[in-house]
Each structure stands twice: as C-alpha cells, then as structure tokens.
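A short worksheet on the structure shown next.
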Amino acid sequence: MINRCNKYIGVFFLIAIQLEGNPVIAADNGVIVVGGTGENCLEDPGCVNRLHPDIPMAARAQPGETILFRTRDSGDWLGTVAAQTTEPETSSGDFGAVHPMAGPVFIEGAEEGDVLKVTLLNIDPGKYAYTYGGSGGFIPDLVDGEFLTIWRLNREYAESDDIPGVRIPNGSFPGVVSTLPGPNQLRIMLEREQELADAGGQVSLPSPGGASPAEICGPNGSAPDECLRTIPPREHGGNMDIRYLQAGVSIYLPCFVEGCGLTIGDLHYAQGDGEVSGTAIEMSADVWATTEVLKDGPDLSRGPHYEGSSRFLEIPSRRFYAVTGLPIKEPGEVPPDMQYLNSDVVAGLSNLSNDINLAARNAIDGIIDYMVFEYGLTRNQAYVIASVAVDLRISQLVDSPNVGVTALLPLDIFNN
C-alpha cells in the first residue's frame, strides 16, 4: 500500500455522446465488445494477464469489424472506465496482476504465418490515473523513497495535486497490443529468458500468483510455469510501450496461432519515450479497433511494425529544453544494469565504449536536475515528469566511444 505523497472513428458503429465535457462512446449492436465485467481481471471472462497458446478466445470477430476493448489499468486497481466514481487515495498494486488485457479475440480467417494489421480507431480515457515515481524504473539508485501521483483526466489534459502547476496533454495509447505465442515460440522464449535469469539478468519469469486465466496459469492451473509474464515486449508484440501507437495508427503483428488471439491493455494517457520511472500515466480506457488479415505481410521475425501520421512524432509543446548524455561515469562505479555481468573491467573505466544505456542514464539524471533547479520540484516529482513527458532520443551511434542521447523536456506542460 502506497499513500499519496506530495483515421478515424467507425461512424457506422460508434455514437459519440457528450457527458460532462467528456465524450463517451456508445456501441451499436455491430461492435464486438470484449472485457469490462467483474471487479477485476480474475473475475472478468474477457480479461487475461498472461500469454500462452492454450488460453481460450474470449470473442470472435470478422476482419473489418469494430472491436471494443474495455481495458483495465496496468495494476488492475482503478476498475474499468464505467466503475470509476471517486478519486483514489492509495494504491494496492499486486505485481501478479500486471498487466490485465482485454481479449483474446479470435480473428476469423487468420492462420499461423499470417500478419494481423490492427488499426486503432478511438481511445476514451477513464477519469483517474496514476504514476509511480519512487525507487524503481530506469534509474532507481538515483531516486529515494516511494512516490505516487494520482491524476485527474479529461479529453485534453491530466493534472494532479501531487505535482501542482503541471498539465500533461492527452496522448492516449495502449502499452500492450499483442497476439498469442504459438507452442514453438513459447518454448524459445521460456528457454532464452531462463538462460538470462540464470546468468543474473533482470527477467520476469512465469509466476502463478494472481494469474489469469487461473485454470491455465494460476497455482493449480494446467501450465503455471509456462505462462509468459507481460512485462517485456516480444516478437508477438506485447508490452511495447510505444507512445506513437495512438488512435489512427496501424500495428502489424505476427499470427502464431489460428485466429491470432488479439489482446489490448495497459492503457497510458501520456508517456515520454523511455517511461523511465517504470510507469506512464496509467489508466483504464475503452479502445475501439479494427483488423485486417494479410496473407503476404512484412517480415516480423524481429518485432512488430507500425505506421501512421507523422504528427504523432511531434512533441506536444511549442518550446523545449534538452539535456545531452554521454557514456561516462565515475571510476569504480558499475551501472546497475551491468552488475550481473560481474565484470572486472567496467568498474575501472570512466568511459564506456558506445554504451547507449549509460548515455541515456546520464541524460535523464541531467533533465531531472534541471527540473529540480528551474521549477523547484523534488527529484521524485521530476522523475514522474521525466517518465510521462520527457522524450529520450538517440543523437548518434557512430562517434565512438561517445554515443549520444538527448532528454527532451516539453516546456508548455508547466502552466505556472
């Protein structure tokens, strides 16, 4: 328990209703609705939080039909959009419940080897959201204590009493868009991640606690040690956390099982490139999408593709301030992500060759320092803003040994 510290909409199927300044989308009978019942994902027959080829489909849809995914927040404690009535004061997150996803949906005519094109039509946010900004995420050793930000949402911006004077523009997108892995893909993924865990790397291995569907992935399920956690993205998509996947964008996913098994979840109201604190502005939302099955699609063996308007690549601000980062450090220091390597070389160096991770770490540390100095924020508050609004961009990868990363802060978010 963490206390609060300081292109297009399918017009044939969707009806927009204005309610208290926040449009709600009502579905006609032509829309396939998935998820949204029960108190949590375990009680919702249209919700899963693990990935496995044996997971049964929650619904079926023809290519071109509109599908409404009624999603839950990443920690599954805010409730669905319809269930949100009062602003939460605390969180009761359970890591076993991460990430609830609406689905899976069987896409008629889709076969193993096909490519599924998923086009996002509309995203309707819930009323409230949250961001963690404490000792987690990308630079946990540089931030002390736990910090929870509760956001109030509307269709234009998010604001919070925990970080007064800041408004974050709406840039809603799903963190998770995924198909189900096939048996062969599952085996490969489990083996390689276990190898990494055995070497001391950071991995989220299968764990049955809080798993849904319980009859397959739970403690007494048929495959408790085989269901993939949704923390990392993989070849099937999953937790990609790409802020450009907004309404109007199409995502190309591989189909590894008959019907593909499309799921959507982990909705974010806004996020910077990097999501450095470990969370974005985490919300529940209603998401409308449609699909197309491609029999001769692109090669997705190294990861999904996506396309959309170039406007999604822009920062939501007229002005910015940026900090650059280089792969330099203090002698004797071993960055946390390298500690599992047990290297005798890293500690003795003050400059690492072409290390993009260290460069990004320094850029984030610098932009946090800037916000603390310029706006009087605490480091935890600045860490939250870095996670939900700051974009990490690769400057160059060829000027050895010092590759470059830029942390870009949109200044228009500060309204005081």
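The values are calculated or read from the model by the stated rules, or taken from the named source; none is laboratory data. Since the structure is predicted, the reported quantities are computational estimates derived from the model, not experimental observations. Positions of Cβ are generated from backbone atoms using ideal geometry, with glycine treated the same way; all protein chains shown enter the neighbour counts.
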Checklist outcome for this item: F256 vs (1) among the aromatic types (F, W, Y); (2) touching a helix residue (DSSP H, G or I) at 6+ places or on another chain (Cβ under 8 Å); (3) farther than 23 Å from E191 by Cβ: all pass except (3)
Item to check | All positions within the range 1-47 that are at pLDDT below 50, β-branched (V, I, T) and assigned to a loop (DSSP other than H, G, I, E, B) | outcome: I9, V11
Checklist entry - Of the residues A129, A97, A110, which is crowded, with 16+ Cβ neighbours inside 10 Å, among the small types (G, A, S) and closer than 24 Å to C260 by Cβ? => result A110
Checklist outcome for this item: Checked the range 304-361 for anything small (G, A, S), out of contact with any helix residue (DSSP H, G or I) (no Cβ under 7 Å at 6 or more places or on another chain) and assigned to a loop (DSSP other than H, G, I, E, B); matches are G308, S309, S343, S350, S353
Checklist entry - So which residues in the range 115-159 are touching a Cys at 6+ places or on another chain (Cβ under 6 Å) and at pLDDT 95 or above? => result L116
Checklist outcome for this item: Checked the range 229-270 for anything surrounded by fewer than 24 Cβ atoms within 10 Å (Cβ to Cβ) and of a type in the set (S, T, Y); matches are Y244, S250, Y252
Checklist entry - Counting only residues that are assigned to a helix (DSSP H, G or I) and surrounded by 14 or more Cβ atoms within 10 Å (Cβ to Cβ), how many does the range 137-159 have? => result 2
Checklist entry - Would you pick out the residues in the range 48-87 that are in a loop (DSSP other than H, G, I, E, B) and more than 30 Å from T149 (Cβ to Cβ)? => result H52, P53, D54, I55, P56, M57, A58, Q62, P63, G64, E65, T66
Checklist outcome for this item: Note on the range 337-365: residues crowded, with 16+ Cβ neighbours inside 10 Å and small (G, A, S) are A359, A360, A363
Next on the checklist: For the structure I just gave you, tell me whether L121 is in contact with a strand residue (DSSP E or B) (Cβ under 6 Å, 6 or more places away or on another chain) and not assigned by TED's automatic domain parsing to the domain that holds A389.
Outcome noted: yes
Next on the checklist: Only one of D76, D54 is over 18 Å from L116 (Cα atoms) and either β-branched (V, I, T) or in contact with a Cys (Cβ under 7 Å, 6 or more places away or on another chain) (or both). Can you tell me which?
Outcome noted: D76
Checklist entry - Quick check, is D273 at pLDDT 95 or above, surrounded by fewer than 24 Cβ atoms within 10 Å (Cβ to Cβ), closer than 17 Å to A386 by Cβ and touching a Lys or Arg at 6+ places or on another chain (Cβ under 9 Å)? => result yes
Next on the checklist: Among the residues of the range 76-99, what is the count of those that are more than 19 Å from the chain's Cα centre (by Cα) and farther than 23 Å from P213 by Cβ?
Outcome noted: 7
Checklist outcome for this item: Exactly one of G171, G218 is of a type outside the set (A, V, I, L, M), within 24 Å of G261 (Cα to Cα) and in contact with a Pro (Cβ under 7 Å, 6 or more places away or on another chain), and that one is G218
Checklist outcome for this item: Being touching a helix residue (DSSP H, G or I) at 6+ places or on another chain (Cβ under 6 Å) and of a type in the set (G, A, S) narrows A211, A129, A110, A199 down to just A211
Next on the checklist: With the requirement that a residue be in contact with an Asp or Glu (Cβ under 8 Å, 6 or more places away or on another chain) and among the hydrophobic types (A, V, I, L, M, F, W, C), what does the range 391-407 give you?
Outcome noted: L392, V403, A407
Checklist entry - Which members of the range 287-303 meet the condition of being assigned to a loop (DSSP other than H, G, I, E, B) and among the hydrophobic types (A, V, I, L, M, F, W, C)? => result L300
Checklist entry - When both residues are 6+ apart or on different chains and their Cβ atoms are under 6 Å apart, which pairs have a first residue that lies in the range 328-349 and is of a type in the set (A, V, I, L, M, F, W, C), and a second that is not in a helix (DSSP H, G or I)? => result I328/N351; V346/V334; A347/G332; A347/V334
Item to check | D162 vs. criteria modelled with pLDDT of 95 or more, in the same structural domain as M240 (by TED's automatic domain parsing), more than 26 Å from V48 (Cβ to Cβ) and not in a strand (DSSP E or B) | outcome: yes
Next on the checklist: I'm checking my understanding of the structure. Among residues of the range 42-75 that are among the polar types (S, T, N, Q) and under 20 Å from the mean Cα position of the chain (by Cα), which one is nearest to E292 (Cα to Cα)?
Outcome noted: T71
Next on the checklist: Condition first: under 18 Å from P232 (Cα atoms) and of a type outside the set (D, E, K, R). Can you find one or more residues in the range 106-129 that meet it?
Outcome noted: no
Checklist outcome for this item: Of (1) touching a strand residue (DSSP E or B) at 6+ places or on another chain (Cβ under 6 Å); (2) assigned to a helix (DSSP H, G or I), P174 fails just (2)
